[in-house]
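Here's the structure, in structure tokens; my notes come after.
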Amino acid sequence: MLQIKTICFVLLTIGAITTHAQTQSKSRVFGEVGLGFGQTLFFGDSKERLAQTFGGSFKPGTGFNIMTAFYVAPENWKGLGIGTRVKGTFGTSVKGENDTDSYIFNFYSVQVSAKYYLLSKTFNKGLYTRLSAGFGQFTAKRLNEATNYYLHQYAIGSTVGLAAGYTIPLKRSAISFEVEFENSSRNGTVNTMGSQTFQTGQLGFNTTLTF
């Protein structure tokens, strides 16, 4: 029920933002697609809790980011754009303490996002900061290669991202480079342990194309 309410809130917020922007300027809507790479982070005792879940330990791996977003940014907002963003992180396989085991971590989120161009005061030009907040899921998988046996863990909850980057305008589009820090708190049910909270994150580098 909480996830359904969150989805409705995000959709209503996006609709209100879009309607408001269109009454001011119908041409100031920007689409965005991007790719990135980052280091997965575990905070608190989340790594130890996952090790208990899987019956083995591991080192945090890296992952590839895929993103899409849109922003509405009327000129009188002076460099501010507000919209929504979808991000997926697909982890690379990492070896566990037992060489026959491998681990993969994937993360997905839907976010409300605000991007602000500090110096140029023009959206899609120069230095910017971005704040994103929303909800999503992570999936963790342990594979025992000797027996081809899988163990899975799922968790759902909130995520917050903060980024700084620079946008280079092109003729009909723009390209951006950014550094992003993401922090997520997600809940999942673990066998014999009940409901558990997992604190995870990522320190990543993304490249995006805006059109």
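Where a number appears in this text, it was derived from the coordinates with a stated rule and is not lab data. Here the structure is a predicted model, which means the values were calculated and not measured. When we count neighbours, we look across all protein chains shown, and the Cβ atoms used for this are built from the backbone with ideal geometry, even at glycine.
Across the options T84, F42, N183, the greatest Cα extent toward the positive end of the charge dipole of the chain (unit charges at beta carbon of Lys, Arg, Asp, Glu) belongs to T84. Rounded to the nearest 10 degrees, the angle from helix 2-24 to the longest Cα principal axis of the chain is 20 degrees. The amide H of V190, built 1.01 Å from its N in the peptide plane, has S195, Q196 as neighbours under 5 Å, considering only residues 5 or more places off or on other chains. Remark: segment 163-172, residue by residue, has Karplus-estimated 3J(HN,Hα) of 9, 9, x, 9, 10, 10, x, 10, 4, 10 Hz, where x stands for each Gly or Pro and the curve is 6.51 cos²θ - 1.76 cosθ + 1.60 at θ = phi - 60°.
Across the chain, the longest run free of exposed loop sites, meaning GluC sites (Glu not before Pro) lying outside DSSP classes H, G, I, E and B with no more than 13 other Cβ atoms within 10 Å, spans 1-96.
For the chain, set up a GNM with springs between Cα atoms under 10 Å and report which of K47, K171, K141 has the largest fluctuation. Between K47, K171, K141, it is K171 that shows the largest mean-square fluctuation. The stretch between K125 and L35, if pulled fully straight at 0.36 nm per residue, gains 30.5 nm over its current Cα-Cα span. The simple spin-label model puts a point 7 Å past each Cα toward its Cβ; for H152 and N191 those points are separated by 1.4 nm. Kindly list the residues of segment 79-100 that lie in the label zone of L118, defined by a backbone N under 16 Å from the point 7 Å along the Cα-to-C-beta vector. Within reach of a label on L118: 79-81. For Y108, Y154, the sequence from fewest to most other C-beta atoms within 10 Å is Y154, Y108.
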